[in-house]
Amino acid sequence: MKKAPASDVSNQFDRPPLSFDAIETLVHQGKTVVSSEDSAIVKWAIKAIAEGKTTTLYCKPTVFEAIRRWYWTPKRAEIVGFKPISAEQAARVKSDFDIEVDGYANSLDCPRCGHVYSTYEFIQQGIEEHGEEHVRAAFSLKRAAIIQINPAQGAICRNCRLHILFATAGTYGTYDYEYRCIENNAYACCRGSILAAAPNLPASP
């Protein structure tokens, strides 16, 4: 049989095969696994954000990029107070949690004690609530991204334990983040409340 030239072979053969064992495990955990073309996933995510549905999307970086470019406009980044994660904070996260992180996040001042809540505190709270192994795994995925759509987890002050549920003067009332890590992955959130505050003109990306 004549072998097809390399240029004629679909790149689907370069991808790892589907793991039906992994899919079965997820289904038995009560999850649903969806396989679809990228544009359909992007449109579904945008609809979920706008409707305020809470869900987690695990996707390839190209899908993440399409959603990110549509969602994190300069206006929304300004509303939440996004700033680059400082070298000092990244070094502290690496030293204490062995997690390498980069990207953008905002910060909240606790309205009771004034303690600052940002990336370090977010990861610290995640470890407390979900376990160190779970959090480290989320930040070390390879060639995959996590998007928290309208996340239910609220910020809890690491000093006085107050649930930070409202905005303080000049500060948006939720902790928001767009992390980039070293394995060509990402971890970010998108909220319908921010979308409502600064909607895009186009209906789709």
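Summary table
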{"item": "Residue, farthest from the chain's Cα centre (by Cα), within region 47-83, restricted to residues that are β-branched (V, I, T) and over 15 Å from Q148 (Cβ atoms)", "result": "I79"}
{"item": "Tabulated pairs, region 144-166, first among the small types (G, A, S), second exposed (fewer than 12 other Cβ atoms within 10 Å of the Cβ), C-beta under 9 angstrom, 6+ apart or interchain", "result": "G154/H163; G154/L165; A155/H163; A155/L165"}
{"item": "Filter result for R143 (touching a strand residue (DSSP E or B) at 6+ places or on another chain (Cβ under 9 Å), of a type in the set (K, R) and more than 14 Å from C189 (Cα to Cα))", "result": "no"}
{"item": "Count of residues meeting criterion [within 17 Å of S193 (Cα to Cα) and either open to solvent by 60 Å² or more (accessible area, probe 1.4 Å) or not polar (S, T, N, Q) (or both)] in region 22-71", "result": "14"}
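The values are calculated or read from the model by the stated rules, or taken from the named source; none is laboratory data. Because the structure is a prediction, the values reported are computed rather than measured. Cβ sites come from the backbone with ideal geometry, for glycine too, and all protein chains shown count toward neighbours. Accessible surface is based on the protein model in full, side chains and every heavy atom, while ligands, DNA and RNA are left aside. Shrake-Rupley method; radii C 1.70, N 1.55, O 1.52, S 1.80 Å.
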